[in-house]
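Have a look at the structure below, then the notes.
Taken together, the values in this text are just the output of simple stated rules run on the coordinates, not laboratory data. Given the structure is predicted, the values throughout are model-derived calculations rather than measurements. Because the Cβ atoms are built from the backbone with ideal geometry, glycine has one as well, and the counts that use them run over all protein chains shown.
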Amino acid sequence: MFLLVLKDYEILSFDLFFTLVYLDETKYHPEKTRYTIWQLLENYSIKLPLEIFEKSFLAKRSKRYLPPYQDKTYYQIILEIFLEQGIKGNSELLHQVAQEMSSQYYDSVLTTCYLHPTAKQLLAKLHEKNFTLVLTSDMANVSFGQMILKKFQIDNYFDRITFSGEVGFRKPSHKIFEKTIEGIRLSHRKKMVHIGDTFETDIQGIINFGGEAIWVTNSTTGKNSLNPSSKKPPALKAIIPDISHLSRILY
């Protein structure tokens, strides 16, 4: 059952990945991608065991999800690994290697992602009805985020696009939502609803900000993954399997 009417909101905020854009899991293999970018080190005679690279990379990436939720690009993460592992050499060369490795990582995502079948139609309909649409995405690499939007030609539907890389912090930090609404009319924070797939970041983030939420569970059953003993937060107004179900609450 839906507990809200979208027209009651002044700002509709969307997450990007696993809300509007998805990864083709038959083509995208993160472990294989990490191995491929690690192999680039051989081209520059840089010795760093795969096990150490993977362990360090995953640990640093995961740290972004812990308070204070400070964001870093893969380029920055790889440079930190070089420094911590005592890899010495020409500074300009190491920066070049880190850039090449991170670019290949992002390329693997760019070539295997796809737009949800109903996303463009939904955004077009909301835009036509004069909703204020914003994108609030955990994307450290801003230029890559913009490439994704342009690839699927959905950037023009948004009145404001905010990537975590611009702010320096990821959701659930309230700072990214504060950046999103800069210069946009919002009479009260509860008049903003964020639509996203991850409870700990999207849903908790907008609640921390003072807004309301629609949780996209990406479940064909429509069941949420809240612990049965957990109480649904009052600001969580709807739980839907995917964004196609938003059409039921357009008016």
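For the cross-link pairs 171/232; 60/232; 191/232; 190/237; 32/150; 125/179, which exceed 21 Å when the distance is taken from alpha carbon to alpha carbon? Could the numbers behind the result be given before it?
Details: 171/232 19 Å; 60/232 31 Å; 191/232 19 Å; 190/237 11 Å; 32/150 27 Å; 125/179 25 Å.
Table pairs above 21 Å Cα-Cα are 60/232; 32/150; 125/179.
Using DSSP to define loop residues, name the GluC sites (Glu not before Pro) in the range 124-213 whose beta-carbon has at most 12 other beta-carbon atoms within 10 Å. Show your work: numbers first, answer last.
Details: sites: 128, 166, 178, 182, 200, 212; in loops: 182.
Here the sparse-neighbourhood loop sites are 182.
So what are the ³J(HN,Hα) numbers for the range 102-115, from phi and the Karplus equation (6.51, -1.76, 1.60; θ = phi - 60°), rounded to whole Hz, Gly and Pro as x?
My calculation for the range 102-115 gives 5, 4, 5, 5, 5, 4, 5, 6, 4, 7, 10, 9, 8, 8 Hz in order.
Counting other C-beta atoms within 10 Å, and keeping those with at most 15, which DSSP coil chymotrypsin sites (Phe, Trp or Tyr not before Pro) do you find in the range 19-99?
28, 44, 65
Separation of the range 155-179 and the range 73-94 by C-alpha centroid, Å?
About 27 Å separates the Cα centre of the range 155-179 from the one of the range 73-94.
Scan the chain and hand back the longest stretch that contains none of the trypsin sites (Lys or Arg not before Pro) lying in DSSP loops with at most 12 other Cβ atoms within 10 Å.
130-184
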